[in-house]
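Taking it in order: structure first as structure tokens, then the write-up.
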Amino acid sequence: MSMDLLSLDLLWWIALLIQLLAIPGTLLPLLPGLALLPLGAGLWLWAVGWSTGWPAFSLACLLLALGWGADALGLVLGPARLQATRWAYIGAGLGLLVGLLGLLPALPFGGPLLGALVGPLLGAGVGELLTAPTALGPMGLLRLRRSLVVGLAVVAGMLVSKAAQALLALVGAAGFVLLTTWGR
């Protein structure tokens with residue numbers, strides 16, 4: 001076995017490992033996620049050239065774009081259907097940041113993963129609670145219920161988005177293996 005073939009095989013394994021890291025990356029908020037698919041495929045593209053590596057790279061870029069779309073839809077459609085205020089979205093974003101940094105004092109046992117779920121729920125709920133008009137006045141029970149429902153819609157949208165992205169990462173890694181080993 002020549003050194004060139006050995007180094008090409010090593011680069012393929014490294015590219016596959018980068019692509020496989022996209023799977024937990026879609027579920028764990030601290031890892032890049034689907035952005036690792038084009039990175040791994042780009043390494044392979046660099047190693048073998050455009051004429052051989054373009055299918056895997058193109059698939060990775062397409063899956064990244066689909067993942068961004070799933071993320072946007074997951075975060076927008078649920079709360080939009082409930083006619084959430086923009087403050088619910090701002091609160092969810094701030095809650096996600098606070099949750100990821102582990103700044104929620106009531107959750108010292110949960111860490112960033114639990115904080116990534118509870119933070120947006122609380123943030124969207126508080127944002128909606130402070131701004132949404134209701135018939136029962138500023139501190140009414142209906143307003144509290146609505147803020148909780150909007151917060152749950154934000155978290156449900158995030159979970160659906162993460163599940164779709166994990167599926168796209170699996171498709172990306174499997175597609176990389178199929179497209180790069182076909183005919184080898």
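The values are calculated or read from the model by the stated rules, or taken from the named source; none is laboratory data. In this text the structure is predicted, and so the values were computed from the model without any measurement. A quick note on method: Cβ atoms are made from the backbone with ideal geometry, for glycine too, and the neighbour counts reach across all protein chains shown. Surface areas here come from the heavy atoms of the whole protein model, side chains and all, with no ligands, DNA or RNA. Shrake-Rupley method; radii C 1.70, N 1.55, O 1.52, S 1.80 Å.
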Fill in the blank from the handout: A careful count of residues in the range 46-63 that are open to solvent by less than 30 Å² (accessible area, probe 1.4 Å), within 18 Å of Pro32 (Cβ to Cβ) and free of Cβ contacts under 8 Å to residues at least 40 places away in the same chain gives 0
Problem - Selection from the range 137-173 of residues that are of a type in the set (Gly, Ala, Ser), surrounded by 15 or more Cβ atoms within 10 Å (Cβ to Cβ) and either at pLDDT below 80 or in contact with a His (Cβ under 6 Å, 6 or more places away or on another chain) (or both) - result: Ser147
Handout entry: Single condition Tyr89 does not satisfy, out of (1) of a type in the set (Phe, Trp, Tyr); (2) open to solvent by 50 Å² or more (accessible area, probe 1.4 Å); (3) farther than 13 Å from Val155 by Cα
Key = (3)
Practice task
State whether one or more residues within the range 25-37 are closer than 12 Å to Ala169 by Cβ, of a type in the set (Val, Ile, Thr) and out of contact with any Phe, Trp or Tyr (no Cβ under 7 Å at 6 or more places or on another chain).
Solution key: yes
Practice task
Write out, first by first residue and then by second, each pair whose Cβ atoms fall under 7 Å of each other, whose residues are 6+ apart or on separate chains, and whose first residue, in the range 26-41, is modelled with pLDDT of 95 or more while the second is among the aromatic types (Phe, Trp, Tyr).
Solution key: Pro38/Phe57; Gly40/Phe176; Ala41/Phe57; Ala41/Phe176
Problem - Selection within the range 41-90 - out of contact with any Lys or Arg (no Cβ under 9 Å at 6 or more places or on another chain), in a helix (DSSP H, G or I) and either within 12 Å of Val150 (Cα to Cα) or among the charged types (D, E, K, R) (or both) - result: Leu75, Val76, Leu77, Gly78, Pro79, Ala80, Arg81, Arg86, Trp87, Ala88, Tyr89
Exercise for the section: Please enumerate the residues belonging to the range 21-34 that are open to solvent by less than 70 Å² (accessible area, probe 1.4 Å) and either closer than 18 Å to Leu96 by Cβ or not aliphatic (A, V, I, L, M) (or both). Expected result: Pro24, Gly25, Thr26, Pro29, Gly33, Leu34
Practice task
Looking only at the range 24-41, decide whether some residue is within 21 Å of the chain's Cα centre (by Cα) and within 16 Å of Thr181 (Cα to Cα).
Solution key: yes
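Consider the range 48-86. How many of its residues are among the aliphatic types (A, V, I, L, M) and modelled with pLDDT of 90 or more?
Total satisfying the criteria: 9.
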